[in-house]
Amino acid sequence: MSTTSFRSRIRESIANETLQKALDANAERRLKGRAAAFESIPDWSERRQRAHEIRTDVIERLNDYLAQFIGNLEKNGVIVHRAQDAAEAIQMILDISQEVKREKGKGDILIAKSKSMVSEEIALNHILEKHDIKVVETDLGEYIVQLRHERPSHIITPAVHLTRAQVAKLFQEKLGTPYMEDIPVLTATARKVLREVFLTADIGFSGVNFGVAETGALCIITNEGNGRMVTTIPPVHIALMGMERLVPNLDDLTLMLSLLPRSATGQKLTVYTQLLHKPLANQTRHLIILDNGRTRLRNSPLRESLYCIRCGACLNACPVFRELSGHAYIGADNSIAPYPGPIGSVISPGLLGENYVQLAQASSLCGACKEVCPVDIDLPKLLTRVRAGQATKEGKKKNGAGLSPLSKFFMRIYSRVARNPRLFAVSQRLAAAGTHLVSPFSNMFRIPAFTGWGYSKDFPRFASRPFRSRWKNDDSGNGKSVNWDIQQVESQAINLPTDQSTVSPTDSFTAELTALGGHVTQTKNVTGSIIEFLKSRGIDRIHLEPNTLDESILQKAGITSTNIPDTGILSGATPHFPVQSSETCGVTKAICGLADTGSILIVDGEGSPLHASLLPEIHLAVLKKSDILPSLPDAMDLIRDKSAAVFITGASRTADIEMTLTIGVHGPGEVHVFLVDDSMGQ
Amino acid sequence: MTEVQLFITCLVDSFFPQTGEAIVDILHRLGLSVDFPAGQTCCGQPAFNAGLRAEARPLAEQTIRVFEKTSGDIVMPSGSCAHMMKHNYPELFADDPAWLPRAKALGERVFEFTEYLVDRLGVTDLGARWDGVLTYHPSCHLSRGMNIDRQPRALLANIRGATIVDLPNAEECCGFGGVMSMEHPELSAEWLKRKISNLEETKSPILVVAEAGCLMHIAGGLHRQGKSQRVVHIAEILNHV
C-alpha cells in the first residue's frame, strides 16, 4: 500500500513520544472532567436531545433566524457585514483596519485577537500580516503557537502538543525572558506581554460562541479573560462568526451553555460568559457573518455537521485524534486542516473541498465521538457519507472517496465474489485450501506488512469446512442437554444521582465558588469588611463602582477610589512579582449570584464595572444574599435589556500548558465575593 | 415451534463456523427451530463502511431478497452486521422508494444474538459452565451503535464457575474498523497494542467478544506477539457446559 504523506504524518505522530504522552494526558483529563461535570445534571440526556432539536430547527430555518438576528444587532447599534467567502471576510477586516488607521493618523494598526476557529478557517493572520497589520493572538495557547508559527493542534487547547520545556525555550528565544520551566511563571510572562497588547490595541478581534436571534446578543466565552479584554478595551471590536452559530432565544442559550463548557473543559460554566448586546461607550462593534461553504453544506447530506457547537469533546474522545493531534490532519496538498478530529474530518472536506476527503478514511467508526457530542451529531454516519463522496459536488460520483487504490481493489473483488453465492462458496473452499497450504500447522500465519493486515497482526486460516457446508437441514434439536434455569432479565434500573437535597442557595453558592478557588465572606457591614480586607493586603487605592460602598467611610480609612479606568490600576504589578502595596483591586456590585455554579453577574453601567471586574489583579464583588438565584436560566431576564453583561465563575484560568491549571491569566487571579445579609429582622 | 432465521455473517461462516454451530445448539435448546436461508453471503458492511456504496448495494439487495422469502426474527452473531442491516440499509436506500420499505421491513426483524436471547426471549441463564476467569470486550458497533451492552454482560454473569473481571478501558476501540485497519494500519496497531495490554492487566486467559471482526483482529495481534490468551466468541462460551 503506497504510503501517502497523510500516513507518513500519522507515523511521525505515533513515533513522537512527547506528543503521545501529551495527547494521552489530554484525553484522560478531559474525558474524566467531562464525565464528572455531567454528573451535576442528571437530565443531561434529555438536554442533549433538546439541544439537538434546537440546532436542527436553527439550521432548518437558518435564513429566518439570521434575518431576526441581524435586525436586532442593527437595532442595537452593531455594524453587521455578511461575507460569502474567506476573501470577502478578509477584505472587510482590511477595510475596517484601514478606516481605523486613517482616523488614528499615524502608526501601524495592532489587533488583539481572541481565539476564533473561524479565523483559522480563513487563514486570517497570515494575510493581515502581509498588509502590515500586526495581529497578536491573546489566548495563551494560541499565543504560543503563533510565536512558533504553527497552527493550533486542538480547537480548545491549541498548544496541547507542547511541553513546558518547549514553551520555556520559546519564550526565552522570542521574548528574551530567562529560561524558566515553571508554568505559573510562563503564564505570568505572557500576561505581562499581552496586557500591553490589550491596552494599546487599535482593534479587538474575537470569534462568537453563539448569536442569540431573539435579542441580537453575541455570547463569547473564555476562561482566561482575553475574550473580555478584546471586546472591552480597544475602541473597535470586530467579531467573526460562522453563519450557523445561532440559537433562537436566551432560554435556548442557557441550555447550550449547560452543555458546552461541560463538554469542552469539564466546567459547569466557563469562567467568563459574556453577553454583548450593544457597543460600550466610545466603542464601535462590527460583526462579520461568514458563509464560506456553509450554505452548500446545509444543502448537502452533511447538513447535520452544522449543528456543531465546537466544544472539542469529539476530539478528546476520538482514538484517532489521540494518536495524531491536529497537526497530522492534512489534506492531499499537505496543508493542515483548520478543523481536526471527527467533526473536522467531516467539515474540513465539507467546507473546503476534495483536498481533505482523505481524513474521513482514518476512523474505525467506533462512535465514541457521537457518544460524547452534546448535540448528538451522528458523526460516524457523516464520516461514511464523506467516504461515499457526498462531501463535495465533484465527489458525487466518487465512490470510496479518500480510499487507497489497493483497498478499493480488494473491496471490489470481494464484493464481486460475495454477490454470487456459488462463487462465494467456491472461493471459501479455495481460500481454505490455500491458507492451509501456506500454514499447514498453525491456525494463524504471517502475511506481509504492505497488506495493512500484516502490519501488526497475523491472519487466520479459512475454516476447512465453512458454516454453510456444515449446515444440515436438520431441525431435530441436536443440542447438548443442560439443566434449564431460565430467569427473566432483571431490568437494570439506572440510579440517577439523588437530586437537590436541602442545601441552601447561599451554601451552594459558597461551596461552588470556593471549589473554584474563589472566596466568600458573609458580612452585615460590607464597607467595613472590605476595608479590613484592603488593609490586610496593603491596598490603599481601588477602582470602585459607584453606589457600592460607603465612600465617606472609605475615605476616613485612607482608601482612595476612582471610577474611571486608571492606568495605575490597569497596569499594576504582575502576580508573579507581587509587591503588596501595588496590588490592584476593583470593587463592583454583583447583580445576582448563581447557586449551582458559584457565578456572579456583572453588567455594563456607570463607573465601568466591566473594567473593574477584569483589569485588576483582585476583584471584590458585593452580592446580596437575596440575589442568589438557583441557576443560569433564572438570570436571563436580568440581562435581556442590558448593553453588555458577564457571568464570572471563579478566577481567570488556563490549562494551555501541559493541561496544568494555572490561575490569573488575563483577568483577576483572585475573586472575593462579599455576601451581604439583607434578610429582614437581622 | 418458533422458527428463527440465522444470518451467519461472512466472517463467522468462513473463519469461525464453530461459533455458528454453538448458536444453533443454543437456539435448539431453547426450543426454537433454526433455518439457514440459502443464498446469503455478506451484508455489504465492509464496502459500505469504506464508502463503496455502489459495491455495497448489490450485497444489501441480495441479503434483503434472501430473507424476504422467510418470515420471523433474523438472528446474527454480530452487532456490526445487525447495525448495517438496521441502520445503514435505510441510509443506503434513502433515495430509492422501491427498496427503502423493503430495507426497513428487514431491519425490524434483525436481532444481534445476545440481544435476541435477553430482550426477545427473556433468557439470561443458559446453564453454561466455565471454570476460570473471563473478561469481556464490548465491540463498538454492538455497544455504541446498537446500544447492546447489558445483554452480553447479563449472560456472562450467569455462567457457573466463571469469574468475570472488568477489562480496563473496555470501551476503547480495538482498532479493527474493517477496511480502516488495512487503510491505516499504523493507527490500528496502536489501539491493538493498548487493547492487548489492557487484557494482560486482567490476567484473564480468555477475552470474550460478540463480534468476529474484533475477534480476528485481536487474536491476530496476540498471535503475532506470541501471547497465549485466546479470544472467543460469546456464543461458544455460552454453549459450554
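Structure data summary
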read-out: Condition met for B:R53 (within 8 Å of another protein chain (Cβ to nearest Cβ), at pLDDT 95 or above and surrounded by fewer than 24 Cβ atoms within 10 Å (Cβ to Cβ)); value: yes
read-out: Every pair of residues 6+ apart whose Cβ atoms lie under 6 Å, when the first sits in segment A:456-467 and is more than 7 Å from chain B (Cβ to nearest Cβ) while the second is among the hydroxyl-bearing types (S, T, Y) and buried (at least 20 other Cβ atoms within 10 Å of the Cβ); value: A:R461/A:T435
read-out: B:I148 surrounded by fewer than 21 Cβ atoms within 10 Å (Cβ to Cβ), among the hydrophobic types (A, V, I, L, M, F, W, C) and more than 27 Å from A:F410 (Cβ to Cβ); value: no
read-out: Residues (among the acidic types (D, E) and touching a residue at least 12 places away in the same chain (Cβ under 8 Å)) located in segment A:515-554; value: A:D540, A:E545, A:D550
read-out: B:Q62 under 19 Å from the mean Cα position of the chain (by Cα) and not assigned by TED's automatic domain parsing to the domain that holds B:A210; value: no
read-out: Boolean, A:V622 is surrounded by fewer than 24 Cβ atoms within 10 Å (Cβ to Cβ), in a strand (DSSP E or B), touching an Asp or Glu at 6+ places or on another chain (Cβ under 9 Å) and at pLDDT 95 or above; value: yes
read-out: Qualifying residue in segment B:81-102 (condition: within 21 Å of the chain's Cα centre (by Cα) and outside any helix (DSSP H, G or I)); value: no
read-out: Residue in segment A:286-306 that is part of a loop (DSSP other than H, G, I, E, B), without any contact (Cβ under 8 Å) to a residue 60 or more places away in the chain and hydrophobic (A, V, I, L, M, F, W, C) present; value: no
read-out: Positions within segment B:56-73 being out of contact with any Cys (no Cβ under 8 Å at 6 or more places or on another chain) and buried (at least 24 other Cβ atoms within 10 Å of the Cβ), in sequence order; value: B:A56
read-out: Selection from segment B:167-206 of residues that are at the interface with chain A (Cβ under 7 Å from one of its Cβ atoms) and over 17 Å from A:C318 (Cα atoms); value: B:V179, B:M182, B:E183
read-out: Residue match in segment A:29-42 (condition: of a type in the set (A, V, I, L, M), closer than 26 Å to A:Q358 by Cα and loosely packed, with under 14 Cβ neighbours inside 10 Å); value: no
read-out: Condition met for B:D35 (acidic (D, E), facing chain A (nearest Cβ under 8 Å) and either in contact with a helix residue (DSSP H, G or I) (Cβ under 7 Å, 6 or more places away or on another chain) or under 28 Å from A:F459 (Cα atoms) (or both)); value: no
read-out: Residue selected from segment B:38-50 under the condition over 17 Å from B:A105 (Cα atoms) and not small (G, A, S), by the criterion farthest from the other protein chains (Cβ to nearest Cβ); value: B:Q45
read-out: Within segment B:2-29, considering residues that are assigned to a loop (DSSP other than H, G, I, E, B) and at the interface with chain A (Cβ under 8 Å from one of its Cβ atoms), the one farthest from A:M444 (Cα to Cα); value: B:I8
read-out: Matching option when the condition is surrounded by 24 or more Cβ atoms within 10 Å (Cβ to Cβ) and either out of contact with any Lys or Arg (no Cβ under 6 Å at 6 or more places or on another chain) or of a type in the set (K, R) (or both), among A:T177, A:T187; value: A:T187
read-out: Some residue of segment B:133-142 being within 13 Å of chain A (Cβ to nearest Cβ) and over 27 Å from B:G175 (Cβ atoms); value: no
read-out: Some residue of segment A:650-659 being under 27 Å from the mean Cα position of the chain (by Cα), free of Cβ contacts under 8 Å to residues at least 24 places away in the same chain and surrounded by fewer than 21 Cβ atoms within 10 Å (Cβ to Cβ); value: no
read-out: A:T254, sole failed condition from (1) buried (at least 24 other Cβ atoms within 10 Å of the Cβ); (2) in contact with a helix residue (DSSP H, G or I) (Cβ under 6 Å, 6 or more places away or on another chain); (3) assigned by TED's automatic domain parsing to the domain that holds A:I96; value: (1)
read-out: Output for segment B:98-132, where each listed residue is among the hydroxyl-bearing types (S, T, Y) and at the interface with chain A (Cβ under 10 Å from one of its Cβ atoms); value: B:T124
read-out: Matching residues, segment A:1-48, being of a type in the set (A, V, I, L, M, F, W, C), within 14 Å of chain B (Cβ to nearest Cβ) and not in a helix (DSSP H, G or I); value: A:M1
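Let's see how each residue does on (1) touching a residue at least 24 places away in the same chain (Cβ under 8 Å); (2) in contact with a strand residue (DSSP E or B) (Cβ under 6 Å, 6 or more places away or on another chain):
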site: B:L92; (1), (2): yes, no
site: B:V118; (1), (2): yes, no
site: B:N147; (1), (2): no, no
site: B:G161; (1), (2): yes, yes
site: B:F176; (1), (2): yes, no
site: B:P185; (1), (2): no, no
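The values are calculated or read from the model by the stated rules, or taken from the named source; none is laboratory data. Everything numeric here is computed off the predicted structure, so don't read it as measured data. Methodologically, a virtual Cβ is constructed for each residue, glycine included, from the backbone with ideal geometry; neighbour enumeration extends over all protein chains shown.
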